[in-house]
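Student: Can you read through this structure? Questions will come right after.
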Amino acid sequence: MTAHLRLAVLTLAVALSACVNTSSNLAPPPNLYTFDTGADYPADAVPETLRRTRTEILYMTDRNPKLSASGVVTGYGERRSDQMAFGGGLVEYGDLQSWEELVARTTAEDQRRITRLQNVYLQEFARFPATPLPYAAGGGRLQTTPETQSTYETQVSRVKNEISTRLRRTGLDRVTVYVHGFNNEFDDAVGTLANLWHYTGRQSLPVLISWPAGSDGPLAYFRDVEAGEFSVFHVKEFLRMLAGVPELREIDIVAHSRGTVVMTTALRELLIEARALGRDAQAQMKTGILVLAAADLDLGVARQRLVAERFADGFEQVNIYVNPDDSALQLSRIIGRVSRLGGVNPNRLTDKERGDLASASNVNLIIVEEGGTELGHSYFRENPAVLSDIVLALRTRAPAGTSFRPMEPVTDNIFTLHQDYPAEELPEIIDKRGKGK
């Protein structure tokens, strides 16, 4: 490794540490709730059982568990586990005394200094046998041993039952899945999802997919990249479980940074599988809106593995938030020598690339305006304009550039998101407890 490349790797490790969430505080509220938009926080549409200052975040992880002296799971580390675990964690929104007080703080511009998020309890509902499951030869091909397969299916049933129970209890039929990026600890990722889910009006069940990120040392980024590849199989298995829940109608997904690679790889394989079976991919996967924020995804790989595969067919809409000045992705580009999707400059797209984008009418490339302030790499959860658009997309299901999401069109399905977004009064938003429009 040359001295120049070594310096770039070290600098990247520092820059991408911005992927580590600072979500021990509730993020600043989206402009949507502090500007005169006519769109208030939908407190009355929140299911009664979710009107709490302490609430549950579900999770699937293949991180190694942290155990107490008595063997109780107290958290999850950065090392890999061959076992998937599914559970729930209680998140406390500060020391507030009532739901009404939390709603009031949700639209207060100074609430970041007051309200604190804290993970107060974890419980595993299911722990799967280690993969790969043991095989035995039979019928001319390898087959999972019946005993192990039965144990695995028992855990699958537990996952589905836990989710079904919560959907029936709340009257919801949608989940919001969040996948974090490089160098994230488990608790940080829980906090980010707690932020996002709360601001979108708690119109879904929040589900975290946490892969073993957070390696130490100057080569931590590369170790995390490989850890993400390790997790693809488990992510794919879990998405199958979600799609198999009868009460669940739609799965919205928000992926950040390196988590976009983990998630899109798993989704691409599921899409190919559905087509091979002659089925409609979106119906089979139950996928709704896909958000790719600050995607640390090789642009050429995205074009050849996703665009060429007609990946967008599997979704209601795909919103890709990009910032050409994202310093973390600029450094990632130096190391990989290829542009990253989340740092692409639309002005530098070739005619072929613009044509490919225009042909996928449900894909929106959204340029996040700097606005004279440093956005950082985690702007999707900290920037009030970006957070406003994610909230509006998930609440209204409206395409970019429409009256519900009035951003500035550049060309075709490329838009600019200004820092005062949304800068106008919006039509009335009808919330239907996850049932969408």
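The values are calculated or read from the model by the stated rules, or taken from the named source; none is laboratory data. Bear in mind the structure is a predicted one, so any value in this text is a computation, not a measurement. Methodologically, a virtual Cβ is constructed for each residue, glycine included, from the backbone with ideal geometry; neighbour enumeration extends over all protein chains shown.
Student: Among the residues of segment 44-58 satisfying the criterion of being out of contact with any Phe, Trp or Tyr (no Cβ under 7 Å at 6 or more places or on another chain) and buried (at least 17 other Cβ atoms within 10 Å of the Cβ), which is farthest from Pro212 (Cα to Cα)?
Tutor: Residue satisfying both the conditions and the ranking: Val46.
Student: Considering only segment 231-272, state which residues are farther than 27 Å from Val322 by Cβ and not basic (Lys, Arg).
Tutor: Looking only at segment 231-272, we keep the residues that are farther than 27 Å from Val322 by Cβ, and these are 233-234, 237-238, 240-249.
Residues satisfying the conditions are Phe233, His234, Glu237, Phe238, Met241, Leu242, Ala243, Gly244, Val245, Pro246, Glu247, Leu248.
Student: Would you call Ala220 modelled with pLDDT of 95 or more and in contact with a helix residue (DSSP H, G or I) (Cβ under 7 Å, 6 or more places away or on another chain)?
Tutor: No.
Student: If you go through segment 33-43 one residue at a time, do you hit one that is crowded, with 21+ Cβ neighbours inside 10 Å, within 16 Å of Ala194 (Cβ to Cβ) and of a type in the set (Gly, Ala, Ser)?
Tutor: No: zero hits.
Student: Answer yes or no as to whether Pro212 is part of a loop (DSSP other than H, G, I, E, B), at pLDDT 95 or above and surrounded by 23 or more Cβ atoms within 10 Å (Cβ to Cβ). Step through it out loud before you land on a result.
Tutor: Working: part of a loop (DSSP other than H, G, I, E, B): yes; at pLDDT 95 or above: yes; surrounded by 23 or more Cβ atoms within 10 Å (Cβ to Cβ): yes.
In short, yes.
Student: Every residue in segment 177-206 that is out of contact with any helix residue (DSSP H, G or I) (no Cβ under 8 Å at 6 or more places or on another chain) and among the aliphatic types (A, V, I, L, M), please. Outline the logic, then answer.
Tutor: Just the residues of segment 177-206 that are out of contact with any helix residue (DSSP H, G or I) (no Cβ under 8 Å at 6 or more places or on another chain), to begin with: 185-191, 193-194, 197.
Within segment 177-206, Ala189, Val190, Leu193, Ala194 meet the criteria.
Student: Would you be able to say whether some residue in segment 65-76 is at pLDDT below 85 and polar (S, T, N, Q)? Steps first, answer last, please.
Tutor: Quick first cut of segment 65-76, residues at pLDDT below 85 only: none.
Within segment 65-76, not a single residue is at pLDDT below 85 and polar (S, T, N, Q).
Student: Being surrounded by fewer than 19 Cβ atoms within 10 Å (Cβ to Cβ), on the phi < 0 side of the Ramachandran plot and assigned to a loop (DSSP other than H, G, I, E, B) is the filter here, so list the residues in segment 215-240 that pass it.
Tutor: Asp216, Pro218, Leu219
Student: Quick one: Leu10 ticks every box in (1) surrounded by fewer than 20 Cβ atoms within 10 Å (Cβ to Cβ); (2) at pLDDT 90 or above bar one, so which box is it?
Tutor: Answer for Leu10: the failing condition is (2).
Student: Residues in segment 163-173: is at least one under 23 Å from Leu267 (Cα atoms) and exposed (fewer than 13 other Cβ atoms within 10 Å of the Cβ)?
Tutor: The answer is no; no qualifying residue exists.
Student: Only one residue in Ser150, Ser164, Ser157 is part of a helix (DSSP H, G or I), over 25 Å from Ser68 (Cβ atoms), of a type in the set (Gly, Ala, Ser) and touching a residue at least 60 places away in the same chain (Cβ under 8 Å). Which one? Even if it seems obvious, please write down each step before you answer.
Tutor: On the way: Ser150 fails: touching a residue at least 60 places away in the same chain (Cβ under 8 Å); Ser157 fails: touching a residue at least 60 places away in the same chain (Cβ under 8 Å).
Exactly one residue qualifies, and that residue is Ser164.
Student: Only residues that are under 17 Å from Val120 (Cα atoms), out of contact with any Asp or Glu (no Cβ under 8 Å at 6 or more places or on another chain) and part of a loop (DSSP other than H, G, I, E, B): list them for segment 50-68, please.
Tutor: Residues satisfying the conditions are Arg52, Ser68.
Student: Given the conditions (1) of a type in the set (D, E, K, R); (2) surrounded by 17 or more Cβ atoms within 10 Å (Cβ to Cβ); (3) touching a His at 6+ places or on another chain (Cβ under 8 Å), and given that Arg395 satisfies all but one, which numbered condition is not satisfied?
Tutor: (3)
Student: Assuming Leu90 fulfils every condition listed in (1) surrounded by fewer than 18 Cβ atoms within 10 Å (Cβ to Cβ); (2) touching a helix residue (DSSP H, G or I) at 6+ places or on another chain (Cβ under 9 Å); (3) modelled with pLDDT of 85 or more apart from one, which condition is it?
Tutor: (2)
Student: Pairs needed: first member in segment 342-367, among the hydrophobic types (A, V, I, L, M, F, W, C); second member anywhere, at pLDDT below 85 and surrounded by fewer than 18 Cβ atoms within 10 Å (Cβ to Cβ); C-beta distance under 8 Å; at least 6 residues apart or different chains.
Tutor: Cβ pairs passing all conditions: Leu357/Asp412; Ala358/Asp412.
Student: Shifting gears a bit: Any idea which residue in segment 303-330 is farthest from Thr411 (Cα to Cα), counting only those that are at pLDDT below 90 and crowded, with 22+ Cβ neighbours inside 10 Å?
Tutor: Our first condition is that a residue be at pLDDT below 90; within segment 303-330, this holds for 324-330.
Restricting the remaining residues to those that are crowded, with 22+ Cβ neighbours inside 10 Å gives 326, 328-329.
Numbers: Asp326: 22, Ala328: 27, Leu329: 24 Å.
Going through the qualifying residues, I end up with Ala328.
Student: Another question, if that's okay. Just wondering, is there one or more residues in segment 268-282 that are touching a residue at least 40 places away in the same chain (Cβ under 8 Å), assigned to a helix (DSSP H, G or I) and touching a His at 6+ places or on another chain (Cβ under 9 Å)?
Tutor: no
Student: Tally up the residues in segment 167-197 that are out of contact with any Pro (no Cβ under 6 Å at 6 or more places or on another chain) and part of a helix (DSSP H, G or I), please.
Tutor: Restricting attention to segment 167-197, the residues satisfying the condition of being out of contact with any Pro (no Cβ under 6 Å at 6 or more places or on another chain) are 167-169, 172-175, 177-192, 194-196.
If we keep only those that are part of a helix (DSSP H, G or I) as well, we get 167-169, 186-192, 194-196.
Selection size over segment 167-197: 13.
Student: Now for a separate question. Suppose we keep only residues that are farther than 27 Å from Gly244 by Cβ and in contact with a helix residue (DSSP H, G or I) (Cβ under 7 Å, 6 or more places away or on another chain) within segment 274-302. Which one would you say is surrounded by the most Cβ atoms within 10 Å (Cβ to Cβ)?
Tutor: Keep residues of segment 274-302 that are farther than 27 Å from Gly244 by Cβ, which gives 293-302.
This time we only want the ones that are in contact with a helix residue (DSSP H, G or I) (Cβ under 7 Å, 6 or more places away or on another chain), so: 293-299, 302.
On the way: Ala293: 26, Ala294: 33, Ala295: 29, Asp296: 28, Leu297: 30, Asp298: 19, Leu299: 19, Ala302: 22.
Top of the filtered list is Ala294.
Student: Another question about this same structure. What number of residues in segment 243-263 are more than 11 Å from the chain's Cα centre (by Cα) and part of a helix (DSSP H, G or I)?
Tutor: Qualifying residue count, segment 243-263: 2.
Student: Out of Tyr121, Tyr135, I need the residue that is touching a Leu at 6+ places or on another chain (Cβ under 7 Å), modelled with pLDDT under 95 and within 23 Å of Ser68 (Cβ to Cβ). Which one? Show your work before the answer.
Tutor: Numbers: Tyr135 fails: within 23 Å of Ser68 (Cβ to Cβ).
Exactly one of Tyr121, Tyr135 is touching a Leu at 6+ places or on another chain (Cβ under 7 Å), modelled with pLDDT under 95 and within 23 Å of Ser68 (Cβ to Cβ), namely Tyr121.
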